[in-house]
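To start, the structure itself, in C-alpha cells.
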Amino acid sequence: MRRLNVRFLLGFFAGSLSAALLVLATVGTGSLASTRYEDLSLFSDVLRLVRNNYVEPVDETKLIRGAIRGMLLELDPHSSYLDPEAHKEMQIDTRGEFHGLGIEISKERSGFIIVVSPIEGTPAWRAGIRARDQIVAICPTDPPEDWAEPCHSTKTMDIHEAVQLMRGPKGTEVTIRIFREGFERPEPFTLSRDVVKVASVEGRMLEDGYAYVRIRSFQERTARDLGRVVDELAEENGGEFDGFVLDLRDNPGGLLDQAVKVADKWLDGGLIVYTQGRVESQQQEYEAHPNGESQYPLVVLVNAGSASASEIVAGALQDHHRALLLGAETFGKGSVQTVYPLEDHSGLRLTTALYFTPSGRSIQEVGIEPDILVGPNPLPASEQEGGGMERFREEDLEGHFTQEEAVPDSEGDSDPEEGAASDLAQDVQLARALEVLKSWTYFDRLREARAESAAVHSADAASDAPTP
C-alpha cells in the first residue's frame, strides 16, 4: 500500500490533483481519513488561490517542490527533497568523480564560503586557489534566469547551491571572486571546469615504522582504496607497522556500508554498529569478521568536523579498545538517512534510523569524546579577531534530534620525509598522535624486555637449585 500511495502522490505532482486527493483521503478509516482529506483539501485551496490570483503567472511544479521542501523542514535538518539536479549531484559525490573546479569548501555561519583546500592537479589548484580563501561571490558564465546581476554573494548561499554553481560541463568557465589576507578587495579568478577525481583515501609513511592514512569521505570505493593504500605502505615500510594514524578529521561521513567495512579492517569480531528505526528493515546489526590484520598500535584523529560515518568508525574502534581517539569532540550526528529515488529523477533523503555504537551509546548531539583531548593549531591573530571559520556541530542545527530523543526508553615531487616533517611541525594533533604511538611502542618493548628478563632469572634460579 505504501508504494501505491507514492505512485499517486507523484501523479498529483504531475497535475492530477483531484484524483490524488481523493485516493489519499480514502486511505485509512474514521477520523484519520477525514483529517487527511481536510489537510489535503486545504493545500488544494491554497494552490488554486495562488494559481488564479497571484500577481504573475506561477510555475506549479516549482510551487509543489517548494511545498515538499517546507514539509521536510518540519522533520529534522538532515531530511530533504533533492530536485533532479541535486539528486544527480549526490550520486556523483558518492562515486567521487565529477566535472568542476576541485575545491573542498566549508561555510562560515552567516558568512562566506571558505576554501578548505584545493585538490592537487585540478583547475582550482592550477589557478592558485589557497586554503582559507574566502569565495565571496560566484559569477557563472550562464547565470540563472532569475538573477538580476551576473554575480551572487555566497553569504546567502548554502553549500549545496554553491557547489551546483561551480560544477558544470568540462571546458565551460566560471568566475569566482576571492578575498584573502593581503588583498585590498576581492579578486576575480576565472577557471575552466575539468574532470575532478576525488581520492577519498590517501596515505604516506610519517617515518620508519609509522604510517598515516587520511579518509576524506566514505564513497563507493573507500574500503577498497583503503586496503590498497595500506598494502602499499606496508610494502614501502618493509614489514609490520610500529604504529598507525587514521585521520578522520573533517570527514563529513558518507555511505554506511563503507564505514562498516573500514571499521571491520581493524576488528576481528564483535558488533560494529547497530541501527534502530520504525521499519523492520532499518533495525540492523553489523558484525566484524576475522581478518588476520596485525594488532599494531592505532590512533584515530577526530575533530568537530568528523561526522556520521566517521563517528561510526571511531566509536566502534574505541568501544572495542582497538584504538585511541585523539583530537577534539566529534560532530554528533547519530542518524541514518535513506535516499529514495522518485519517478521524475528527484530524490527524497529521509532520516530513517538512529545508530548506536557497540556498547549501546548514541552519539546524537553529544558526539564522541576522544581518549586524549588535543586542540587544533591556534589560528593567526587576524583570524581569531573575527575572520576565522567558526566550528559548529549537530547540536547547533535547528530542529536536530536531542540526545534524550535519540536514546530509546528501553533497550607530490618533494621528498616524502621532508613533507612529513613539515606536516608534523604544522599539525599539533598529528605530531601528538605520533608521540603517543612511539610511547605506546616503548612501553610494549619495555614489557617484552621485562618478560625476557624474568624468564632468564627464572631459568638461572632453576639451574642454581640443589639437585635431589
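Yes/no matrix, rows are residues, columns are (1) in a loop (DSSP other than H, G, I, E, B); (2) crowded, with 20+ Cβ neighbours inside 10 Å:
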position	(1), (2)
Ser106	no, no
Gly121	yes, no
Ala131	yes, no
Ile135	no, yes
Pro143	yes, no
Pro150	yes, no
Ala162	no, yes
Lys170	yes, no
Ile176	no, yes
Please work out which one of (1) more than 21 Å from the chain's Cα centre (by Cα); (2) buried (at least 20 other Cβ atoms within 10 Å of the Cβ); (3) of a type outside the set (S, T, N, Q); (4) farther than 30 Å from Ser439 by Cβ is the condition Tyr286 fails and give its number. (1)
Of (1) more than 30 Å from Asp225 (Cα to Cα); (2) within 22 Å of the chain's Cα centre (by Cα); (3) surrounded by 15 or more Cβ atoms within 10 Å (Cβ to Cβ), Val196 satisfies all except one. Which? (1)
Residue in segment 68-89 that is surrounded by the fewest Cβ atoms within 10 Å (Cβ to Cβ), counting only those that are touching a helix residue (DSSP H, G or I) at 6+ places or on another chain (Cβ under 7 Å) and part of a helix (DSSP H, G or I): Glu85
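This table checks each residue for (1) out of contact with any Cys (no Cβ under 6 Å at 6 or more places or on another chain); (2) among the hydrophobic types (A, V, I, L, M, F, W, C); (3) modelled with pLDDT of 90 or more; (4) within 26 Å of Ile368 (Cα to Cα).
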{"site": "Phe179", "(1), (2), (3), (4)": "yes, yes, yes, no"}
{"site": "Glu207", "(1), (2), (3), (4)": "yes, no, yes, no"}
{"site": "Tyr212", "(1), (2), (3), (4)": "yes, no, yes, yes"}
{"site": "Gly243", "(1), (2), (3), (4)": "yes, no, yes, yes"}
{"site": "Asp250", "(1), (2), (3), (4)": "yes, no, no, yes"}
At negative phi and in contact with a Ser or Thr (Cβ under 6 Å, 6 or more places away or on another chain): which single residue out of Glu85, Glu74, Glu60, Glu104 fits that description? Glu104
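The values are calculated or read from the model by the stated rules, or taken from the named source; none is laboratory data. The structure presented is a predicted model; accordingly, all values stated were derived computationally and were not measured. Cβ sites come from the backbone with ideal geometry, for glycine too, and all protein chains shown count toward neighbours.
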